[in-house]
Structure formats: structure tokens, C-alpha cells
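Peer 1: One structure follows; several queries about it will come next.
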Amino acid sequence: MANTQRWNGPSDLHLHSSRSDGTQPPAEVLSSAYEYGLRTVALTDHDTTAGWEEATSAARDLGMTLLPGMEFSTRYQGGSTHMLAYLFDPDHDGILAEREKIRADRLSRAERIVRNIRTDYTLDWDDVLAQRTEDASVGRPHIADAMIARGIVKSREEAFAGILHPRMGYIIPLYAPDPRDAVRLIADAGGVSVIAHPAGRNRMLPMPIIEELIGLGLGGVEIGHRENTPEGKRVLHALAERHDLIVTGSSDYHGSGKPNLPGENTTSDANVARIIDRATGIDPVYPT
Ligand code: AMP
Ligand code: FE
Ligand code: FE
Ligand code: ZN
């Protein structure tokens, strides 16, 4: 592997563009990543592959390696789990169907959340649409941006700590498939699945479920992520060792939408190689 390696690190495998809730178009995400010293990246917008084309030309222009990816929303017993998917066939029927179901609910859910917020604040659905780029996957960050534009809050951070926090009662849960279905679909589409920030803000999936996911083809776990707790990282390292899982580290960059900076966590060459070797869906975009 190492001697035939066609790509260079450092590698950051979790970045968002304005095709979901990042603040920069895909090409700018890649140039920012390049400026931060990265040479291999994955674009992983929430529930969309719409940024792949633009990211591919940017990677070619910059001489970077791109692993096209997506952060798949999933839900287990009321808790949200994000599943990173790399190098899968983007035309896989099952993935397309599930993804469109999530994206449709993202729209209708956001509209219903705005209706809830409107009972107490001046906020219109058009304010949210004004914050959304083209057909971006809509989420709470766009509602936060609309509230900033209206002067209701000063930052996404403040919005998430207050009005957009579930305890305030305005939020409605998003439809998303069971993580086991997502892992099956990603594997069937030739992709590699990696649980995003497994020990982050959301409750970690129960260990028996994670072990079930491994049996269904889960590729790895994202351990290097600012939201994972130190205790969670220890548990995940032990799990990865026990099951020989791929281990990644990433920034989860969202442009100016989050403080996370490109390359603040990276993935080792050996683990990038494992993802590339395991995938059968599509090839990475290599520098020519
Ligand atoms: P949603 O997709 O509607 O469930 O919103 C979740 C998204 O909001 C995640 O993808 C995060 O990127 C973003 N997010 C969560 N918490 C924060 C925060 N405190 N500040 C900025 N963005 C956040
Ligand atoms: Fe996000
Ligand atoms: Fe996430
Ligand atoms: Zn993310």
C-alpha cells in the first residue's frame, strides 16, 4: 500500500459545505483545507452528494485527493446518530430513496419548527429560505442563521444553546432511518461507514447495537473529534482494537458556522488506506 500510495496526507475526512450547513461552497471548503495544510479531504455534507462535482474540480485544480462522502442522518430510539459514508455509489437506489425521504422531512420539519418559533418571535419561513443555498439540506443551522439575520440571536452557538435546544420545546425530531439500515445500505453501495462523533453531544449508541453494526459491515469510528469526551474516546479505542475497526480523526469543519478548523484532527495514512482499500463503490479523486 504505502509504496503504491497515490495520495498524500495530512487527511481530514469530515468537512461541510453550503450544500448542507457549512457556510462556504465546496470549492472554497477545499481551498480553505489546502491553506490549512491538508492534502486529502472528504466532503461529507448532511444527506446530500450535491457538492461532489464542484469538490472534484476543486480537488483537481488544487492537486488534492478527494474522498467523496456524505454524513447520513440516522435515528435509534429517539436519539440521533450521524453515519459518515465514503466512496459509495451515489446512484444506489436504496441510498437515493432513503436520502430523499430524509431531505423531504428536513424541509417539512424545519417549516414546522419555524411555525413553533413564530408563536413567540418574528421569524418567517422565507427568512430561512434566504439563508439556504440552492437545494441545500436544511437544518437547524439555517434557522439559526435566519434568527441572526432577524436580530433574535447573535450566533449559531447562542441559537443552539437557547431557542433551538430541545428543552425549549420548539424543536421537532427529524425522520431518519435506523443506523443498522444505513450501514447495510452503505455497504451494499460499496461504501465505507464510520460512526461520526460517537461519544459527542448525543447519547452514544448502546454497545450491543454498535456490535450489531460491526456485523452488518460498519467500517470504523471517528475518535478524533472535538465533541467526543475523553472517557468516550477510551471506550472507542478499546472497541476499535477489539474489532479491528478503522479509526478516523476529523475537524467537522462548517466554515464560519462552527469554531472547528480544517485539520484540527486528522486521520493517519494507514487508516485512509484502509478506507480506500475497503471501498468498492467509487474511486477517490486523485491528483493527476
Ligand atoms: P439538524 O441537522 O437540524 O439536526 O441540526 C444539527 C446540525 O447543527 C449539526 O449538523 C451541527 O453541524 C449543527 N450544530 C449543532 N450544534 C451546534 C452549535 N452549538 N453551533 C453550531 N452548529 C451546531
Ligand atoms: Fe452540521
Ligand atoms: Fe455530525
Ligand atoms: Zn458533520
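Peer 1: How many angstrom lie between the C-alpha centres of region 20-96 and region 178-235?
Peer 2: So the two Cα centres are separated by 17 Å.
Peer 1: Can I ask one more? Any idea which of 193, 151, 267 is furthest toward the positive side of the dipole for region 151-284, if Lys and Arg beta-carbons carry +1 and Asp and Glu beta-carbons -1?
Peer 2: It is 151, whose Cα lies furthest towards the positive end.
Peer 1: Can you tell me the Rg and Dmax of region 25-125, counting just the alpha carbons, in angstroms?
Peer 2: Spelled out, the Cα radius of gyration and Dmax of region 25-125 are 16.8, 50 Å.
Peer 1: For the chain, what does the helix formula give at 222 nm: sum of -39500 (n - 2.57) over DSSP H segments with n ≥ 4, over the residue count, nearest 500 deg cm²/dmol?
Peer 2: That comes out to -11500 deg cm²/dmol.
Peer 1: Taking the chain on its own, what percent of its Cα-Cα pair distances exceed 37 Å?
Peer 2: 10 percent
Peer 1: Separate question: Please report Rg over Rh for region 170-275, where both radii come from the alpha carbon positions and Rh follows the Kirkwood definition.
Peer 2: Using Cα coordinates only, the ratio equals 0.97.
Peer 1: Just 110, 130, 59 to compare: in a GNM of the chain, with alpha carbon springs under 10 Å, which one fluctuates most?
Peer 2: Taking springs between Cα atoms under 10 Å, the residue moving most is 130.
Peer 1: Treating cross-link reach as a plain straight distance, find the lysines whose alpha-carbon is under 29 Å from the alpha-carbon of residue 101, omitting any fewer than eight places away in the same chain.
Peer 2: 258
Peer 1: Taking only the Cα atoms of region 104-168, how large is their convex hull per residue, in Å³?
Peer 2: Hull volume normalised by residue count: 76 Å³.
Where a number appears in this text, it was derived from the coordinates with a stated rule and is not lab data. Just so it is clear, the model here is predicted, and its values are computed rather than measured. Neighbour counts are summed over all protein chains in view; Cβ atoms, including those assigned to glycine, are modelled from backbone coordinates with ideal geometry.
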